[in-house]
1. Name the residues in the stretch B:78-112 that are more than 20 Å from the chain's Cα centre (by Cα) and surrounded by fewer than 11 Cβ atoms within 10 Å (Cβ to Cβ), would you?
2. What helices (runs of 4 or more DSSP H), lying completely within the stretch B:81-154, carry at least 3 residues that are touching a residue at least 24 places away in the same chain (Cβ under 8 Å)?
3. Strands (runs of 3 or more DSSP E) wholly in the stretch A:106-225 with at least 3 residues that are more than 14 Å from chain B (Cβ to nearest Cβ) and touching a residue at least 12 places away in the same chain (Cβ under 8 Å) - which ones?
4. For the stretch A:232-258, give me each residue that is under 20 Å from the mean Cα position of the chain (by Cα) and either among the aliphatic types (A, V, I, L, M) or crowded, with 20+ Cβ neighbours inside 10 Å (or both).
5. Take B:Y258 and decide whether it is more than 14 Å from chain A (Cβ to nearest Cβ) and either in contact with a Lys or Arg (Cβ under 8 Å, 6 or more places away or on another chain) or not in a helix (DSSP H, G or I) (or both).
6. If I filter the stretch B:170-198 down to residues being surrounded by fewer than 17 Cβ atoms within 10 Å (Cβ to Cβ), more than 7 Å from chain A (Cβ to nearest Cβ) and assigned to a helix (DSSP H, G or I), which single residue comes out as nearest to the chain's Cα centre (by Cα)?
7. When you check B:G212 against the structure, is it of a type outside the set (S, T, Y) and not in a helix (DSSP H, G or I), yes or no?
8. Which condition number in (1) more than 22 Å from A:A145 (Cβ to Cβ); (2) in contact with a strand residue (DSSP E or B) (Cβ under 9 Å, 6 or more places away or on another chain) is the one that A:G95 fails?
Amino acid sequence: MTAAPLLRADKVVKKFGHTTVLKSVSLEIERGEVVVLIGPSGAGKSTFLRTLNQLEDIDGGAIYIGGELAGYELHGDHVVHLHEKEVTRQRRRLGMVFQQFNLFPHMTALQNISHAPINVKGVKPADARATAMRLLERVGLGDHADHYPSELSGGQQQRVAIARALAMEPDILLFDEPTSALDPELVDDVLKVMRELSTQGQTMIIVTHEMGFARDVADRVVFMTEGEIREVGTPDQIFLGSTNERLRAFLGSVGIAA
Amino acid sequence: MTMTQATIDVAGARRRQRPGQWIATVVVLIFAALLVWTFATNPTVEWPVIGKYLIFPAILQGLWTTIWLTVASMVAGIAGGIVLATARMSNSRLVKAAADVYVWFFRGTPTLVQLIFWYNIAIFLPQVDIGIPGQTPWISMSTNALINPLMAAFLGLALNEAAYMCEVVRGGLLSVPPGQAEAAQSLGLSARKTFLQVILPQAMRAIVPPTGNQVIMMLKGTSLVSVMAVTDLFYSAQGIYVTNGKVIPLLIVASIWYLIITSLLYVLQSRTEKRFGRGLVRRKVGRAAKPIGAIALQPTPDFEGTTK
């Protein structure tokens, strides 16, 4: 299975009631790649990200993580839902950073980061705390270890959330509009951390409205609208060279003259 | 109108007089005085009798029964409430419906009726058999041997309590934002650990205050078991005043004990609330703790170093 891409979405379909929010979305991610999803709100970018992490069930197609079918298994010639334990195991390969941070409010920054390594991987508490401390320093919050999330700014909370996801050493980090809930002056601190991760070879899939950031860090930019992938390319191809009408209209609407 | 602007400083401002407040104060004081006067001069109150019976062995024994019946029923009720709450939030329609029916039934019938039913359970089921229906049972017991009045009291109170606690727990669980479970899941925590380590500790903040209410209601509710001749605090007091006629002093004795315990429970509740408010209520920094609502997303430069 060495030839398989790290992650493969194959004709993924997702419906909410009668609305189809993902219409046959296919995408492959290779190890070390940084892929940025852009598009107008309601395009299905966040939903797509959530299906990858199995936070949403899919209604068609399939997702493969490291060549392994996600969320289902084959019984003879039909597919059945995977046991919850197996789903949990698969989820560990992907880390997720949410728009609203979703830090655990009853734990300190350090506890937020060390909790899953201790309780999921069985890492010794002392080791987990040491790792958590290193991660906090890496995101520039070494002196905030004992602060509760309510005592941190949004930008600090999001950096703790990134450290929390990193602590599980996921193959892929998913970012769901990580800076959309932040005050403008706090955005750069978070983007800086993400930029560093990209240079360290971390595989990332990022949904964002920060176009400048997308141009800088993306290996590939994916343009989605109305539940479909319309254009995939290098940042230059997407931001400068595209002839796709919808893409040009979208870029115009966010202030990039294409 | 123009005014010559002398420099005004409101620092020394006085409170505005409000006539309504004065009237209310006078009314309250009059009532308080009347109340004290009534108790002080009423010949039926008999303070020495109250003093004697407050620590009378039968009363203390009754008090003990009341306390442990409250604790046992409450612990069982909370455990049952958690099970029912998770059942009510289950994806299985049958499980959900079963929990719904349970809550509907036990909330919809009077506690007193339920207690008397359990007291008389032997009429309904004279014998408890364990085994396969239609075959000779493996174990067979007379219901009266299994369920004495005290057991009936516990069963009645606990089963009833579980229905109320179900709603309290469910409300608490629903107060935790769904993003918390998603974050826990995406970190690879199992459903059980997500519930126990992430959801429940946060839900506790919303669960503790109404549970405190439930404990106090339970404490007083145990007095209902006096109809089943269970010698709780109230039944013991009754037993004494029936023979010596000191009705009012013994009712006061019982009330004093109920008040003492509810006061202790109140202290316990505020401590528990503080425990589960960890991280959700801002820690003290010289001044009083503030709720986080207003400061949630504010940077806290004033915070650094002050907690060290």
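We did not get these values from a lab; they are worked out from the coordinates using the rules stated. Note that the coordinates shown come from a computational prediction; the quantities given were computed from them, not determined experimentally. Quick reminder, even Gly has a Cβ in these numbers, built from the backbone with ideal geometry, and neighbours come from all protein chains shown.
1. B:N91, B:S92, B:R93, B:L94, B:V101, listed by residue number.
2. Where helices (runs of 4 or more DSSP H) fall fully within the stretch B:81-154 and carry at least 3 residues being touching a residue at least 24 places away in the same chain (Cβ under 8 Å), they are B:93-108, B:111-119.
3. Fully inside the stretch A:106-225 and qualifying: A:203-207, A:220-225.
4. Listed by number, the list holds a single entry, A:V232.
5. Spelling it out, B:Y258 is indeed more than 14 Å from chain A (Cβ to nearest Cβ) and either in contact with a Lys or Arg (Cβ under 8 Å, 6 or more places away or on another chain) or not in a helix (DSSP H, G or I) (or both).
6. Checked the stretch B:170-198; the qualifying residue nearest to the chain's Cα centre (by Cα) is B:G171.
7. No.
8. (1)
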